[in-house]
Each structure stands twice: as C-alpha cells, then as structure tokens.
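The values are calculated or read from the model by the stated rules, or taken from the named source; none is laboratory data. Here the structure is a predicted model, which is why all the values come from computation and not from measurement. No Cβ is skipped: glycine too gets one built from the backbone with ideal geometry, and neighbour counts run over all protein chains shown.
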Amino acid sequence: MSAHPSHPVLDRAFAAVLFDMDGTLVDSTAAIARCWTTWAVEHGVTGEQLARAAGHGRPAPEIVADLVAAETVPQAAARILELEVTDVEGVVQLPGVPQVLAGLPDRSWAIVTSCSTPLADARRHAAGLPEPTALVTYDDVDAGKPAPDCFLLGAARLGVDPADCLVVEDAPAGLAAGRAAGCATLAVRTTHPEGPLEADLVVPLLSQVAITPGPDGLRVRLVGDGAPTGGV
C-alpha cells in the first residue's frame, strides 16, 4: 500500500510567505469600483469593455492600455492612479490578516502587488498593515502578473529561494505568477467565491489559516471551520 501523498502546503516548511495585497490582505473592492467607474465615464469606456479588460490582479497600466488609444495611455494611466491614491475610504484588513501577520518573524514575509508604489503605500497605510520587510510593486518589474517577475523579486529581496516560498493570492493572474515563479500557492476566495482557482490549497479566508514559525521554517495549518480544497 502506498503512503498518503504529501500536501504541497500543509506538510512542509517555508522560508517565507509572499502576499498579494488587494483582495488578499486588504478589502479595497468598493474604492476600486468607485475609481474605475469614474475613470471609465471620463474616458468613454463602457462597463462591458471595462469588465472584459479588468481581470482582477492585472496591473492598472495594462488594463488602461487595452481600453484607450496608444497615444493617450500615459495620461489615462496617470488619471486612474490619481483617483485611486486619493480614494482609500473603506480600505480595511480582511478577516484573519492581523493574526496571520502578527505571528510572522521579521524578514519572513513580503507584499507583492500589482499596484504602483504610491497606491500600494496609500492602501496599506489606510488599512493599517504592518511594515513588510520587502515590498514589490508594479513599478519594480518589467512585466506584471501573470508573469513571475514580481514573486521572483520578492524572494530575492528576502534572500530566499522562490521554491521555498508560499504565495498567497486571491486572483488567477497572481496564482499563475506564483506557479511560474516556482512557489507553492494558497488561494483565498475573497474575490472569486465560486469557480476555479488553480492553487495548491484554497480556503475561504485567511482566518481559516495559521502560519507559525518553527525550527525548520514557517508551517501552515488549518483552523476554524474552513473547508479547504486544492488544485481547483
């Protein structure tokens, strides 16, 4: 009889955790909707066009480039940044986030986001997130998610091998980026409550997870009544 297969998240230790921000650590849904609605009206973009282009987890400049003429992209991208940086009303930490982050040692976690640096700063400060050892934003890489560049850089800034990292994400683009970087993946169903999320472990919220340090690194365990799934 063969041994029960090892779980890629629950049965191993990690050197570091790389967290996405929007939809993973903070709830910025209402602010995002307000800003993009204003921007779309200003630029003559329909709701249907915006919905097609704005796959969650994609960087704003790439969404903008899909929706306006090439010569107007810089101005249009600057406008959505202006709107989003100035509207952080209601941006808060998601359930379980304070507890998870409080238990992580220094230099063991990073925020890896598709936001620009000014927007990442605005939202994390509005939500009261603790200061990460490393912050990687869209401004730091040549290609945004789903390219792996951001997570590779996050691991490098922490001084660890990407293969020893756990990526925590809420969006397909981010999960694809984590897989491409060679990381294990944990998905939270904050923005995709139903449907497929291709990850090693899927939980409703981070409140269903504890991440604790041990002699061999960081270990993940399930808590509460979360109903995890994997590879879906």
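Remarks
- Where G23 falls short, out of the listed (1) in the same structural domain as D121 (by TED's automatic domain parsing); (2) surrounded by fewer than 17 Cβ atoms within 10 Å (Cβ to Cβ); (3) of a type outside the set (V, I, T): (2)
- Counting the residues of segment 19-46 that are in contact with a Ser or Thr (Cβ under 8 Å, 6 or more places away or on another chain) and either at positive phi or small (G, A, S) (or both) gives 2.
- With respect to the stated conditions, V17 fails to be part of a loop (DSSP other than H, G, I, E, B), aliphatic (A, V, I, L, M) and within 18 Å of the chain's Cα centre (by Cα).
- Annotation for segment 158-167: at least one member residue is without any contact (Cβ under 8 Å) to a residue 60 or more places away in the chain, farther than 20 Å from V26 by Cα and of a type in the set (A, V, I, L, M).
- The residues on offer are V91, V100, V85, and the sole one that is touching a helix residue (DSSP H, G or I) at 6+ places or on another chain (Cβ under 7 Å), surrounded by 15 or more Cβ atoms within 10 Å (Cβ to Cβ) and closer than 30 Å to D164 by Cα is V100.
- So P193, is it assigned to a strand (DSSP E or B) and out of contact with any strand residue (DSSP E or B) (no Cβ under 6 Å at 6 or more places or on another chain): no
- Residue that is modelled with the lowest pLDDT [pool: residues in segment 171-190 that are part of a loop (DSSP other than H, G, I, E, B) and buried (at least 23 other Cβ atoms within 10 Å of the Cβ)]: A171
- Only residues that are within 29 Å of G103 (Cβ to Cβ) and free of Cβ contacts under 8 Å to residues at least 12 places away in the same chain were counted across segment 126-148, and they come to 1.
- Out of D11, D66, sole residue that is within 26 Å of W109 (Cα to Cα) and either polar (S, T, N, Q) or free of Cβ contacts under 8 Å to residues at least 60 places away in the same chain (or both): D11
- Picking from residues in segment 20-36 that are in contact (Cβ under 8 Å) with a residue 60 or more places away in the chain and part of a helix (DSSP H, G or I), the one that is nearest to Q208 (Cα to Cα) is T29.
- Restricting attention to segment 105-160, the residues that are in a loop (DSSP other than H, G, I, E, B) and of a type in the set (D, E) total 3.
- Residue list for segment 191-232, restricted to those being surrounded by fewer than 21 Cβ atoms within 10 Å (Cβ to Cβ), at pLDDT 95 or above and within 20 Å of S28 (Cα to Cα): P204, L205, S207
- Failed item in (1) more than 21 Å from the chain's Cα centre (by Cα); (2) touching a residue at least 24 places away in the same chain (Cβ under 8 Å), with R107 passing the rest: (1)
- From the list P74, P61, the one residue that fits, being loosely packed, with under 14 Cβ neighbours inside 10 Å and closer than 17 Å to P118 by Cβ, is P74.
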